[in-house]
1. Give me a count of the residues in the range 21-50 that are closer than 19 Å to residue 108 by Cα and in contact (Cβ under 8 Å) with a residue 24 or more places away in the chain.
2. For the range 96-140, name all the residues that are surrounded by 11 or more Cβ atoms within 10 Å (Cβ to Cβ) and closer than 16 Å to residue 18 by Cα.
3. Sort out which residues of the range 20-39 are under 15 Å from residue 99 (Cβ atoms) and in a loop (DSSP other than H, G, I, E, B), and write them in order of number.
4. Could you say which residue among 45, 72, 88 is under 19 Å from residue 11 (Cα atoms), within 21 Å of the chain's Cα centre (by Cα) and either at pLDDT below 90 or in a helix (DSSP H, G or I) (or both)?
5. Name the residue, out of 93, 53, that is in contact (Cβ under 8 Å) with a residue 24 or more places away in the chain and either surrounded by 14 or more Cβ atoms within 10 Å (Cβ to Cβ) or in a loop (DSSP other than H, G, I, E, B) (or both).
6. Return the total of residues in the range 1-19 being exposed (fewer than 14 other Cβ atoms within 10 Å of the Cβ) and either in contact with a helix residue (DSSP H, G or I) (Cβ under 6 Å, 6 or more places away or on another chain) or not in a helix (DSSP H, G or I) (or both).
């Protein structure tokens, strides 16, 4: 648990002062791989929850898929595009407000991770909700 605490502390530690646009970008890019590992593992977990809910809910209509395979291919690119928006907003904010708190970047990272978790969870939450409604109605 100590290692996880240190990793989380590092992830949300502010960039070193003085904070330049280059340090903002470097701060974000150094954290991209841990973010992608987290998002990927969480995405895989949600995908398996989604598959369980859909495969136990009965047959689908002819010609309908449970999921869009292209979305699985596109998801990592969308997640990384949104991650890049984090440092773009950080650079713009620092340019407009040079006296901005060093905690702005870590705060933005927390909001971004929360948004990622929300977006990745949506298919699993909807499919589990659908399955729970089926079970409540007595469907096997």
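The values are calculated or read from the model by the stated rules, or taken from the named source; none is laboratory data. Fair warning: this is a prediction, and the values are worked out from it, not measured in the lab. Cβ coordinates were reconstructed from backbone atoms using ideal geometry, including for glycine residues, and neighbour counts include every protein chain displayed.
1. 13
2. Scanning the range 96-140 gives 100, 101, 102, 103, 104, 105, 106.
3. 20
4. Step by step, each of 45, 72, 88 is checked, and only 88 is under 19 Å from residue 11 (Cα atoms), within 21 Å of the chain's Cα centre (by Cα) and either at pLDDT below 90 or in a helix (DSSP H, G or I) (or both).
5. 53
6. 4
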